[in-house]
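Everything on this sheet refers to the single structure shown next.
What follows is calculated from the coordinates using simple rules that are stated; it is not laboratory data. Predicted, not measured: the structure shown is a model, and the values here were computed from it. Cβ placement follows ideal geometry from the backbone for every residue including glycine, while neighbour counts extend to all protein chains displayed.
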Amino acid sequence: MNDSPARTDAPVLDVWCELQCPDCRSALDDLRALRARYGDRLELRLRHFPLEKHKHAFAAAQAAEEALEQGKGWEYVEAVLGRVEELDRGGEPFLVEVARELGLDAEEFDTALVDGRHILIVDADQAEGKAIGVTGTPTYVIGGERLDGGKSQEGLRERVAEIADRLLAEQE
């Protein structure tokens, strides 16, 4: 998921994430720092990996895709992740409420969750994640390396930056 027009030459950081996951919430600072450091020289892509133990994660992933379509993908992701407990309690009505707060078309959100128009994207991400060995979230993939943040996020931002710097240097 990417809000900016893709620069095909920028290194890609895939962030396998789920919106009901407290570990993903703690990863937000790392993602903000990476975005601040690299801007559009690094393409951050949100990849969905809803875990079965979180009953609203699948709906939240679809909602994130709808937010992307309406032009506020990361903003929406950060807003939902920042309020994981509310998502636990509120489920889909909470997802629609956050859309409304961000000035998105809440009716369209509601419809998207009912008609399941984004399910295929979420399913495809999940299948790809499983295929490359993602088992939990957050997991980062950059330059062919998989970094598992579900166990510990210690030093991961530095490691991602190291790989990104190397990839950018190789392009020059």
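Quick notes on this one:
- Scanning the range 67-92 for residues that are in contact (Cβ under 8 Å) with a residue 60 or more places away in the chain and under 10 Å from ARG25 (Cα atoms) yields a total of 4.
- Among the residues making up the range 127-172, a single one is free of Cβ contacts under 8 Å to residues at least 24 places away in the same chain, aliphatic (A, V, I, L, M) and part of a strand (DSSP E or B): LEU147.
- In this structure, ALA124 does satisfy being assigned to a helix (DSSP H, G or I), among the aliphatic types (A, V, I, L, M), free of Cβ contacts under 8 Å to residues at least 24 places away in the same chain and within 16 Å of VAL15 (Cα to Cα).
- For the range 107-152, a residue qualifies if it is under 29 Å from GLY71 (Cβ atoms), within 16 Å of the chain's Cα centre (by Cα) and of a type outside the set (A, V, I, L, M, F, W, C), and the qualifying residues are HIS118, ASP123, ASP125, GLN126, GLU128, GLY129, THR137, PRO138, THR139, TYR140, GLY149.
- Total residues in the range 28-54, condition surrounded by 14 or more Cβ atoms within 10 Å (Cβ to Cβ), among the hydrophobic types (A, V, I, L, M, F, W, C) and assigned to a helix (DSSP H, G or I): 3
- Extreme residue, farthest from the chain's Cα centre (by Cα), among residues of the range 63-85 that are under 10 Å from LEU19 (Cα atoms) and part of a loop (DSSP other than H, G, I, E, B): ARG83
- Taking the criterion of being of a type in the set (Gly, Ala, Ser), over 15 Å from TRP74 (Cα atoms) and over 19 Å from the mean Cα position of the chain (by Cα), the residues of the range 86-106 that qualify are GLY90, ALA106.
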